[in-house]
Amino acid sequence: MKERLVSWKRWLGGAAVAGLLGGCSTAPLYTNPELPRPATFRPGDFFSVNWWASLAPPTRLEYSPREVASPAYDPDNKHVIALTRDGYVRAVGPDGKVKWSFRTPVRFNAGARVSEGVVYVPGGDGVLYALDSATGDVKWKYTAGESLATVPVLADGLVLVASESDTLFAVKAADGVWAWQYRRDPPSGFTVRGASTPLVHEGTAYVGFSDGFLVALTISDGSATWEKSLSGAGTQFLDVDTPPVMNEAGQLFVASYKNGIFALEAETGDMVWNTTVGGVTSLLARGQLLFASGDGRVDAYLADSGKLLWSLPLGERAAFAPVFAQGMLLVPIQRSLLFLDPKTGRSRVAWNPGDGITATPFVRGKQVFVLSNNGYLYALDVNGFRG
């Protein structure tokens, strides 16, 4: 089983805030126990809560609950698709009410993908489910036999999803029939929890593995075009689990947990530049900038050179995959959701609705859907920066 190198701490006031949510509407939703802030930086300056829904509230004996699956959105039925730690898939309507639900045996490692009326669900039980997005009915199932750990990716009629055991599965989107798979042997030592979501570009899937390799695979048959060792020798924490990203110039970026960020030529895997900052678990490319998050920090780099522009230290906290919303960088750090100025790294506000936020929010224009660790789903209307 994969281990996480992060020391997790629970904010003890989260339970009190969660208890208030049932009887109040707005005040507890803006609670900010994380950091002191000037009065001019009120959460309402940046977002408002449109609605919220209690999906999987903590049980009496549950300690430090954590939701890791990012929400998804069904544009046809205007449903938010939430996968929670109780093993349920739920479709929540624009009124905050659950429209349908589907139960799996165990909790999820990653969120769903919605495309053309189908919800593709990566089951922690090793099953890839295709559900009707309007009703939740099962269209087909593919049994991978390995705990699935990434948001499914659709490309060229295939669904790609990776497992905790370093296998990338490709099945046909129409009927769930196996097409091909690619596997690498994990190293003998400890690895970081998680897996690399493949990036597909012009018929090639780029995906990392826990043995420290990034591999370029041909979508049609899963054959390897090239492979690149990024973590060097050793047996522990070699993981290349960050989903590869690509900027508008076609530059490929990926991170080794051990050896830092790499900029590579997409066609060959040749290295352009490399940083030496380890512990990076997620990347986000935006224009000329590259944002990196991971153990104890959030960084911004120039994409063409790897020059560090700013760094926000987080102490023992870990930063998970960030997203952009209305000119702001939103970063879940398990205890809260940070709203950062992407130009400076300055934290404008840290929002904790109770027990913090680990899952990456889903952004749809000005709307942001957030699943908190205490099993509440929020729909935010984000304003962006003022002045």
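Within the range 80-111, if we keep just the residues that are of a type in the set (Ser, Thr, Tyr) and closer than 18 Å to ALA149 by Cβ, the residue that is farthest from the chain's Cα centre (by Cα) turns out to be THR104. Only strands (runs of 3 or more DSSP E) whose full extent lies in the range 158-230 are considered here, and the ones with at least 1 residues that are under 21 Å from ASP295 (Cα atoms) are 204-208, 213-218. Return yes when VAL272 is more than 16 Å from VAL331 (Cα to Cα), at pLDDT below 95 and of a type outside the set (D, E, K, R) and no when it is not. In short, no.
This table checks each residue for (1) touching a residue at least 24 places away in the same chain (Cβ under 8 Å); (2) touching a Pro at 6+ places or on another chain (Cβ under 8 Å).
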{"position": "SER64", "(1), (2)": "yes, no"}
{"position": "GLY87", "(1), (2)": "yes, yes"}
{"position": "GLY93", "(1), (2)": "no, no"}
{"position": "GLY111", "(1), (2)": "yes, yes"}
{"position": "LEU128", "(1), (2)": "yes, yes"}
{"position": "ASP137", "(1), (2)": "no, no"}
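Just one of the listed residues (GLY189, GLY111, GLY96) is surrounded by fewer than 21 Cβ atoms within 10 Å (Cβ to Cβ), under 25 Å from GLY375 (Cα atoms) and of a type outside the set (Val, Ile, Thr), namely GLY96.
For the range 285-296, the criterion of being outside any strand (DSSP E or B), touching a residue at least 12 places away in the same chain (Cβ under 8 Å) and either within 21 Å of ARG346 (Cβ to Cβ) or charged (D, E, K, R) (or both) is satisfied by at least one residue. Could we say that GLY232 is in contact with a Lys or Arg (Cβ under 9 Å, 6 or more places away or on another chain), more than 21 Å from GLU164 (Cβ to Cβ) and at pLDDT below 95 here? So GLY232 passes the test.
Looking across the range 151-194, the residues that are of a type in the set (Gly, Ala, Ser) and either under 26 Å from LYS139 (Cβ atoms) or modelled with pLDDT of 95 or more (or both) come down to ALA155, GLY157, ALA162, SER163, SER165, ALA170, ALA173, ALA174, GLY176, ALA179. Which condition from (1) under 22 Å from the mean Cα position of the chain (by Cα); (2) more than 23 Å from ARG66 (Cβ to Cβ) is the one that ASP125 breaks? With (1) under 22 Å from the mean Cα position of the chain (by Cα); (2) more than 23 Å from ARG66 (Cβ to Cβ) applied to ASP125, the lone miss is (2). Out of curiosity, is ALA300 in a strand (DSSP E or B) and over 18 Å from SER282 (Cα atoms)? So ALA300 does not fit the description; no.
The values are calculated or read from the model by the stated rules, or taken from the named source; none is laboratory data. This one's a predicted model, so the numbers in the text were calculated from it and none came from an experiment. With ideal geometry, Cβ positions are generated from the backbone for all residues, glycine too; neighbour counts draw on all protein chains shown.
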